[in-house]
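Worksheet: the structure to be examined is printed underneath.
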Amino acid sequence: MTTTPLLHDAKVYLVGGAVRDALLGLPAGDHDHVVVGASVQAMLDAGFRQVGRDFPVFLHPRTGEEYALARTERKSARGHAGFVVHADPSVTLEDDLRRRDFTLNAIARDADGVLVDPFGGVHDIEARVLRHVGEAFVEDPLRVLRAARFMARFAPLGFAVAPETLALMRQMTASGELADLVPERVWQELAKALRSASPAAFLRTLRDADALRAVLPEVDALYGVPQRAEYHPEVDTGTHVELVCDMAARLAPGDDLVGYAALCHDLGKALTPADTLPAHVMHEQRGVAPVIAMSERLKVPAEHRDVAVLSCREHLNVHRLDELKPATVHEVIARCDGFRKPKRIDRLATVCEADKRGRTGLSEAPYPQADRLRRLHAAAMAVRSDHIAAQGVTGPAFGEALRKARIAAITEARG
């Protein structure tokens, strides 16, 4: 407990992720505070600026850190937003902590470093358990995704979901309320998971909760689909996508664009005719439609969608890069709009490397195609269009001359 010079009669606590991460020995993120014993007017009078629309959240006038009045929540309708919030000076710290999702997020710390831990969060952190605070957990369907997203971050530290929490998550899935989630919130949780160390843990947790089919049905459909063991020792396509997502997180840490393309690259394998399994001829073409459908449903950013589509469509071409003619390499780059948007080629190379190394026993396998593609692309990019223009070439002939010059550069760079 502490007071701030601006709030003489209130008690202020550090709460949430900053306390949790300190206990885990992780770098501190945002510092959020809960204020007990103050009113909205008292906060305004002390110079805090109110920013919360649905509940009283304020920014400190000097530090800009968030301070929220202690509050309770009561379920009033279906969905993530269906709550009535109550905040006044009578709400206690324990009341506020009780409404939180997981015990590791329901720990407060006062200015003297003393922890307030009414729900055993410290013990669960030490035991590496993700456990819900109380039965009110089931009232917010977004918490199913939050649990999976926390596992994407904390599974590498040895965390597991408590069995009773997983049972509640399955109950929430069965209720059908996940269908009420706003697409933007689903994407927000997915993007955070893709930026984490183990996106595969996000997928596995949702599957364990029977929720992946409700949230990402195109991905869920990959599980149980076999692949040729000589290329995919893990055989199961869903398992392969898990491995690819984790490899993408390793190769491009924190990059949810690469992560999303990795997640989507093999969606076409769910559409392979059963009589051709375990071969997946034309899966890269079949995958484009579900990539677009999933991207539009989740309202993912346009560049995420476009890089996911080109990664799905072109990844086999990159795998066999050494077999392609220079003109075909140029066509691949052009189809990706790689001359106007050069970062796409680097990301495509990374996704393809994640695909190749995201297989059982192949995590350390070399993938020279990635750097070769980057090198050939750089050679083509180095062609100066102004040199062609200086020769007096204009109109359609200019485009053809530029294409031939780029193909020649690719040929020379290949050696």
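The values are calculated or read from the model by the stated rules, or taken from the named source; none is laboratory data. Computed from a prediction, not measured in an experiment: that's the story for all the values here. Because the Cβ atoms are built from the backbone with ideal geometry, glycine has one as well, and the counts that use them run over all protein chains shown. We work out accessible area using only protein heavy atoms, side chains counted, and drop any ligands, DNA or RNA first. Shrake-Rupley method; radii C 1.70, N 1.55, O 1.52, S 1.80 Å.
For THR328, state whether it is surrounded by fewer than 22 Cβ atoms within 10 Å (Cβ to Cβ), without any contact (Cβ under 8 Å) to a residue 24 or more places away in the chain and among the polar types (S, T, N, Q). Yes.
Sub-8 Å Cβ pairs linking a first residue in the range 206-231 that is farther than 18 Å from GLY268 by Cα to a second residue that is open to solvent by less than 50 Å² (accessible area, probe 1.4 Å) and acidic (Asp, Glu), at least 6 apart or interchain, are ARG207/ASP220, ordered by first then second residue. For residues that are open to solvent by less than 10 Å² (accessible area, probe 1.4 Å) and part of a loop (DSSP other than H, G, I, E, B), scanning just the range 132-164, find the one that is nearest to ASP208 (Cα to Cα). Applying the filter and picking the extreme gives ALA162.
Tell me, yes or no, whether the range 217-229 has at least one residue that is in a helix (DSSP H, G or I) and crowded, with 23+ Cβ neighbours inside 10 Å. Can you show your working first?
So the first thing to find is which residues in the range 217-229 are in a helix (DSSP H, G or I), and the list is 217-220.
Next, from what is left, pick out any that are crowded, with 23+ Cβ neighbours inside 10 Å: 219.
Among the residues of the range 217-229, at least one is in a helix (DSSP H, G or I) and crowded, with 23+ Cβ neighbours inside 10 Å, which makes the answer yes.
Only residues that are open to solvent by 70 Å² or more (accessible area, probe 1.4 Å) and among the polar types (S, T, N, Q): list them for the range 375-403, please. Result: GLN391, THR394.
The lone criterion from (1) touching a Phe, Trp or Tyr at 6+ places or on another chain (Cβ under 8 Å); (2) of a type in the set (Ser, Thr, Tyr); (3) modelled with pLDDT under 95 left unmet by TYR231 is number (1).
The rows are residues; the columns are (1) within 27 Å of the chain's Cα centre (by Cα); (2) β-branched (Val, Ile, Thr); (3) more than 26 Å from LEU181 (Cα to Cα); (4) buried (at least 19 other Cβ atoms within 10 Å of the Cβ).
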{"residue": "LEU93", "(1), (2), (3), (4)": "no, no, yes, yes"}
{"residue": "LEU97", "(1), (2), (3), (4)": "yes, no, no, yes"}
{"residue": "LEU115", "(1), (2), (3), (4)": "no, no, yes, no"}
{"residue": "ALA127", "(1), (2), (3), (4)": "yes, no, yes, no"}
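State which residue is nearest to GLU323 (Cα to Cα) when the search covers only the range 404-415 and only residues that are open to solvent by 80 Å² or more (accessible area, probe 1.4 Å) and in a helix (DSSP H, G or I). The selected residue is GLU412.
Going by what's in this entry, would CYS336 be described as buried (at least 22 other Cβ atoms within 10 Å of the Cβ), at pLDDT 95 or above and within 20 Å of LEU376 (Cα to Cα)?
Working: buried (at least 22 other Cβ atoms within 10 Å of the Cβ): yes; at pLDDT 95 or above: yes; within 20 Å of LEU376 (Cα to Cα): yes.
Considered against the rule, which asks whether it is buried (at least 22 other Cβ atoms within 10 Å of the Cβ), at pLDDT 95 or above and within 20 Å of LEU376 (Cα to Cα), CYS336 comes out as yes.
Under the condition of being part of a helix (DSSP H, G or I), under 18 Å from the mean Cα position of the chain (by Cα) and surrounded by 14 or more Cβ atoms within 10 Å (Cβ to Cβ), the residues counted in the range 287-302 number 6.
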